[in-house]
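The values are calculated or read from the model by the stated rules, or taken from the named source; none is laboratory data. A quick note: this is a predicted structure, and the numbers were derived from the prediction, not measured. When we count neighbours, we look across all protein chains shown, and the Cβ atoms used for this are built from the backbone with ideal geometry, even at glycine. Note: accessible area is taken over every heavy atom of the protein model, side chains too, but ligands, DNA and RNA are not part of it. Shrake-Rupley method; radii C 1.70, N 1.55, O 1.52, S 1.80 Å.
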Amino acid sequence: MPLLVDGRRVRLPQSAGDLVRAHPLLEERARLLRGQSVQQVGPQGLLYVQQRELAVTSPKDGSISILGSDDATTCHIVVLRHTGNGATCLTHCDGSDTKAEVPLIMNAIKSFPDHTQCGRLEAHFVGGFNDDRQLSQKLTHQLLSEFDRQEDDIHLVTLCVTELNDREENESHFPIIYGIAVNIKTAEIYRASFQDRGPEEELRAARALTGGPMISIYDAKTEQLRIGPYSWTPFPHVDFWLQQDDKQILENLSTSPLAEPPHFVEHIRSTLMFLKKHPSPANTLFPGNKALLYKKNEDGLWEKISSPGS
């Protein structure tokens, strides 16, 4: 069944701008979201989702109350929620394999009990801008098309992507919204930024930089964050890249050099250093080929727990 807006079937292909013009409610919601001030989200009760990761949980979760992600330039952050059981999935898509990722998102939501009860699936897409290489436009089109191909009715509630999330300054384009959070209990979606992107921020970033596919990182049943075990091949020319100046790193390792947040180069450098230190992660980072497991402690912060069977 199709993607729906206000109960009506969406006609694709359309640009994001055409779509909201055909559905004034979408335009109004995008305007309201853009107009919000950015909230700083603290680490308590937060599950931060990095690029090419997805996390799904429900209001029954005693550990996680907020899912969030930021640093999206050409990337899109997608939230899919079932209004009946409250199961909520947030993912950070970069267009690497949208065709495979959308069914993963759907299955993650359907893995929760009562997903067939009263209620409906609601989708929210945020991110991207009018970038020179039109990567945002391409990703918007891919996501709309793939969600439209799913069997279930999916109600598009928020569309604040590409030209709807674009601002111009000195003839350069930038995203307006770089990050969002969703409150699992209330379903509120709001503009957000995050100081704490852990646990294991560099390890997770290294997996994405070496081309790892979209994965689910959280088990809502056990309320545990599960990292790995991952493997990757040594990053090509890592010493060369580490010798380059900020401008070279920005121009060669970003999809949108002018629009990156200020910490982008520092983040890439630390990820490259991590990859240099761990060319074969299976041996050094995942002894016994076991996952790293984290759980929220009483203060709402991540704490490492022993691996299964250790």
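Just a yes or no: is a residue in the stretch 116-124 modelled with pLDDT under 95, among the β-branched types (V, I, T) and either within 21 Å of Y48 (Cβ to Cβ) or open to solvent by 30 Å² or more (accessible area, probe 1.4 Å) (or both)?
Checked the stretch 116-124: at least one residue is modelled with pLDDT under 95, among the β-branched types (V, I, T) and either within 21 Å of Y48 (Cβ to Cβ) or open to solvent by 30 Å² or more (accessible area, probe 1.4 Å) (or both).
Scan the stretch 156-171 and tell me whether some residue there is in contact (Cβ under 8 Å) with a residue 60 or more places away in the chain and open to solvent by 60 Å² or more (accessible area, probe 1.4 Å).
Yes, the stretch 156-171 has at least one match.
Looking at this structure, is P113 touching a Gly at 6+ places or on another chain (Cβ under 8 Å), closer than 24 Å to N183 by Cβ and open to solvent by 10 Å² or more (accessible area, probe 1.4 Å)?
No: the conditions fail for P113.
Given the conditions (1) open to solvent by less than 20 Å² (accessible area, probe 1.4 Å); (2) assigned to a loop (DSSP other than H, G, I, E, B), and given that P229 satisfies all but one, which numbered condition is not satisfied?
Going through the list (1) open to solvent by less than 20 Å² (accessible area, probe 1.4 Å); (2) assigned to a loop (DSSP other than H, G, I, E, B), P229 breaks only (1).
With respect to the numbered conditions (1) of a type in the set (A, V, I, L, M, F, W, C); (2) outside any loop (DSSP other than H, G, I, E, B); (3) more than 13 Å from I180 (Cα to Cα); (4) touching a His at 6+ places or on another chain (Cβ under 8 Å), which one is the sole condition not fulfilled by A55?
(4)
Are any of the residues in the stretch 66-82 farther than 24 Å from M214 by Cα, touching a helix residue (DSSP H, G or I) at 6+ places or on another chain (Cβ under 8 Å), in contact (Cβ under 8 Å) with a residue 24 or more places away in the chain and open to solvent by 10 Å² or more (accessible area, probe 1.4 Å)?
Within the stretch 66-82 (the criterion being farther than 24 Å from M214 by Cα, touching a helix residue (DSSP H, G or I) at 6+ places or on another chain (Cβ under 8 Å), in contact (Cβ under 8 Å) with a residue 24 or more places away in the chain and open to solvent by 10 Å² or more (accessible area, probe 1.4 Å)), the answer is no, since none of the residues qualifies.
Determine, yes or no, whether E201 is open to solvent by 30 Å² or more (accessible area, probe 1.4 Å) and either among the hydroxyl-bearing types (S, T, Y) or within 26 Å of S63 (Cα to Cα) (or both).
yes
For M214, work out the one condition from (1) buried (at least 20 other Cβ atoms within 10 Å of the Cβ); (2) out of contact with any Leu (no Cβ under 9 Å at 6 or more places or on another chain) it doesn't fulfil.
(2)
What residue, among those in the stretch 270-293 that are touching a residue at least 40 places away in the same chain (Cβ under 8 Å), of a type outside the set (A, V, I, L, M) and closer than 13 Å to L242 by Cβ, is least open to solvent (accessible area, probe 1.4 Å)?
Ranking the qualifying residues of the stretch 270-293, first place goes to T271.
On the basis of being open to solvent by 30 Å² or more (accessible area, probe 1.4 Å) and within 24 Å of L301 (Cβ to Cβ), does E251 make the cut?
When the stated conditions are applied, E251 does not pass them.
Identify the single condition in (1) in contact with an Asp or Glu (Cβ under 7 Å, 6 or more places away or on another chain); (2) crowded, with 22+ Cβ neighbours inside 10 Å that N130 does not satisfy, given that it satisfies every other one.
Checking N130 against (1) in contact with an Asp or Glu (Cβ under 7 Å, 6 or more places away or on another chain); (2) crowded, with 22+ Cβ neighbours inside 10 Å, the one that fails is (2).
Any chance you could count how many residues in the stretch 223-247 are of a type outside the set (A, V, I, L, M, F, W, C), free of Cβ contacts under 8 Å to residues at least 60 places away in the same chain, over 20 Å from S96 (Cα atoms) and out of contact with any helix residue (DSSP H, G or I) (no Cβ under 8 Å at 6 or more places or on another chain)?
Total meeting the criteria: 4.
Within the stretch 21-52, track down each residue that is open to solvent by 40 Å² or more (accessible area, probe 1.4 Å) and in a helix (DSSP H, G or I).
Within the stretch 21-52, R21, A22, P24, L25, E27, E28, R29, R31, L32, R34, G35 meet the criteria.
Suppose we filter the stretch 1-20 for residues that are open to solvent by less than 20 Å² (accessible area, probe 1.4 Å) and either at pLDDT 95 or above or part of a helix (DSSP H, G or I) (or both); how many remain?
Result for the stretch 1-20: 4.
Being touching a residue at least 60 places away in the same chain (Cβ under 8 Å) and not hydrophobic (A, V, I, L, M, F, W, C) narrows it down to one residue among R52, R149; which is it?
Testing whether each residue is touching a residue at least 60 places away in the same chain (Cβ under 8 Å) and not hydrophobic (A, V, I, L, M, F, W, C) leaves just R52.
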